[in-house]
Amino acid sequence: MKTELLIITALESELKRAALPPGVEIVYSGIGKINATLTTLKAIQELQPKRIVNFGTAGKVNPQLHGLLEIARVIQRDMQTEPLAPRGQTPFCLRPFEYFSLSGEHVCGTGDNFVTARDPWLQDQKVDVVDMELFAIATVAHQLEIQWQSFKYITDDANEDSGNDWQEKVNHGQVLFLEKLNDVMKF
């Protein structure tokens, strides 16, 4: 089976399948980079999409932001192998250390941990929001030459209250994303 557009979301609590327009395919990756990588690879093999759209929740690093954001660039925030390579870069790896989407204006930092404290490195890198899947999805899409976009709904302030705030707001971005999806499908 083939699809023009594939949505990848970590959890069904973020975006219900039943809320999507007919003909839109969605897969749920689970949380984290490994789950996102495996799910993205399998979905691409099975559905052969022309474009991938990631939707999910995020913690904000930039205090000025709120609501639904479109991500322009993603970096890996938890690859820390100094002195072999600068933070965010995988040593001895020829793949890019950052990926760029079709459009957007915000920067996402992906890592396999829930951010609960200020991290000056994130501000130095001009990271706006943090998540746990996008870098993996973008890496696979880039490797297989598939265009991608990402939309993140801010659920928390990436601080000590993040876990509770995320649980309260995990499903609050669905309506905003569905409105944006109409525009995305015209693209």
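The values are calculated or read from the model by the stated rules, or taken from the named source; none is laboratory data. Note that the structure is predicted; figures quoted are calculated from it, not measured. All Cβ positions, glycine included, derive from the backbone under ideal geometry; neighbour counts span all protein chains shown.
Brief remarks on what is shown
- Selection within the stretch 124-151: residues that are part of a loop (DSSP other than H, G, I, E, B) and within 14 Å of the chain's Cα centre (by Cα). The member of this set that is surrounded by the most Cβ atoms within 10 Å (Cβ to Cβ) is Glu133.
- Residue count for the stretch 77-103 satisfying the condition of being among the charged types (D, E, K, R) and more than 16 Å from Lys126 (Cα to Cα): 2.
- Thr40 falls short on exactly one of the conditions (1) within 17 Å of Val130 (Cα to Cα); (2) of a type in the set (Val, Ile, Thr); (3) assigned to a helix (DSSP H, G or I), and that condition is (1).
- Filtered residues of the stretch 17-29 (kept if of a type in the set (Gly, Ala, Ser), in a loop (DSSP other than H, G, I, E, B) and either surrounded by 15 or more Cβ atoms within 10 Å (Cβ to Cβ) or at negative phi (or both)): Ser29
- In the stretch 124-153, the residues that are under 17 Å from Leu176 (Cβ atoms) form Cβ pairs under 7 Å with partners that are crowded, with 20+ Cβ neighbours inside 10 Å and among the polar types (S, T, N, Q), at six or more places apart or across chains, as follows: Asp131/Thr110; Gln149/Ser101; Ser150/Asn54; Ser150/Ser101; Lys152/Thr57; Tyr153/Thr57.
- The single condition among (1) assigned to a loop (DSSP other than H, G, I, E, B); (2) at pLDDT 95 or above that Val107 does not meet is (1).
- Hits in the stretch 152-179 (condition: small (Gly, Ala, Ser), part of a helix (DSSP H, G or I) and touching a strand residue (DSSP E or B) at 6+ places or on another chain (Cβ under 7 Å)): Ser162
- Candidate set from the stretch 107-166 (those that are among the small types (Gly, Ala, Ser) and touching an Asp or Glu at 6+ places or on another chain (Cβ under 6 Å)); member that is nearest to Leu65 (Cα to Cα): Ser162
- Entry remark, the stretch 40-84: residues being over 18 Å from Glu12 (Cα atoms) and of a type in the set (Val, Ile, Thr) number 6 in total.
- Cross-chain or 6+ apart pairs with Cβ under 9 Å, the stretch 24-41 first and touching a residue at least 40 places away in the same chain (Cβ under 8 Å), then part of a helix (DSSP H, G or I) and of a type in the set (Ser, Thr, Tyr): Ser29/Thr37; Ser29/Thr39; Ser29/Thr40; Lys33/Thr139; Thr37/Thr139; Thr40/Thr139
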